[in-house]
Amino acid sequence: MRSLKKRCRKGRTEHRLRWLKTSSWVALMSIWLRNRQTGEQIAAQLELHVSKEQIAETECEWTGYRSSVPVETLSAIPESNDWNWLAKYEASLQGLTQFLGIRLEGKLQGMLQLDLVPRASRTNRYSVDHVLYVEYLETAPWNQKAYMDRHARFGGVGLELILGAIEMSVAHGCHGSLGLHSLPGALGFYLSLRFKDYGPDSSEEGLHYLELSPSDAVILKKESAK
Amino acid sequence: MKNSNIPLSRYEQMLRAEEECDSITAGRRAKFYSPAFRAAMEALKPVHKTEAEPLREPLVSK
């Protein structure tokens, strides 16, 4: 947590932490997204602790939006079309999982579920290196090319969620290292973020397993500085 | 007028990659929960009784 608080105090953009009256705390970090239609930068917030109520509300919004898009206009049914984030929350182990979200215009533009129990890194099997595992990540349907083609609204949502997960990895002693299984449509995105592809994982439906090393996490943070 | 020969910054490259991907997703179970998993989740949900039940048989004085 020390590193996270330090970044929040000394970050380039305005970062702030807010403590609730309860012992749990909510961290809000100011970030920037890109309006894909106009190209302008828009201030948004990265929330490091998304609540069950917020997830339930977002699930309703995203499901409603998905169902409003005529299936015949889609070139293919998006890979995450049947996901249910509230079910993911209810199936998660409380205290060992964290949900991150990016809020803009009062709505969550993307969510990420992070497993807080460090796992052994595949980058160096014989060391004590560990990674934090991204259980799930999804951007809102209106930000996905699969639903919107060239009319997707906000860019940078996936990148900012990964940057938030890197901060959590640092806070949990994993030095910014992350692991995840990419769905096929997003593989190019993670490779552009310097994730290393370990190929199809037979134990996870053949999804590619990717890892971001601590050194590449540092480079990614520098490269994403605007 | 923009010069298309100017190389994109790494930040712009990452945004472009995000834009060109069909969807930005990651997950262990690729598409959706299996029916068996959903049934298991339903079974775990707490059951809320609509009517209060007496804790014991009412005492009957003889």
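Every number here is computed from the coordinates shown, using simple stated rules; none is lab data. As the structure is a computational prediction, the values presented were derived from the model and not from experiment. Please note: Cβ atoms are built from the backbone with ideal geometry, for glycine as well, and neighbour counts cover all protein chains shown.
Only DSSP H runs of four or more residues enter the estimate; each adds -39500 (n - 2.57), and after division by the residues of chain A the mean residue ellipticity at 222 nm equals -8500 deg cm²/dmol. Our note on the geometry: Cα centres of the range A:136-171 and the range A:200-218, 18 Å apart. If only the Cβ of Lys and Arg carry +1 and only the Cβ of Asp and Glu carry -1, the dipole of the range A:12-224 around its Cα centre is close to 680 debye. With only the Cα atoms considered, the range A:29-129 has a convex hull volume of 176 Å³ per residue. Count Lys and Arg as plus one, Asp and Glu as minus one, and take only other residues whose Cβ is under 9 Å from that of A:I102; the net charge is then -1.
Look at the Cα gyration tensor of the range A:12-224: its axes a ≥ b ≥ c give a/c under 1.5, and that counts as rounded. Near A:G176: Cβ cut-off under 9 Å, other residues only, Lys/Arg at +1 and Asp/Glu at -1. The net charge is -1.
Looking at the range A:12-224, the DSSP beta bridges with both ends there are about 90 percent antiparallel. Farthest toward the positive end of the dipole of the range A:12-224, out of A:F195, A:W142, A:L183, is the Cα of A:F195, where the dipole comes from beta carbon charges about the Cα centre. Based on Cα contacts under 8 Å between residues 6+ apart, the range A:68-115 shows a relative contact order of 24 percent.
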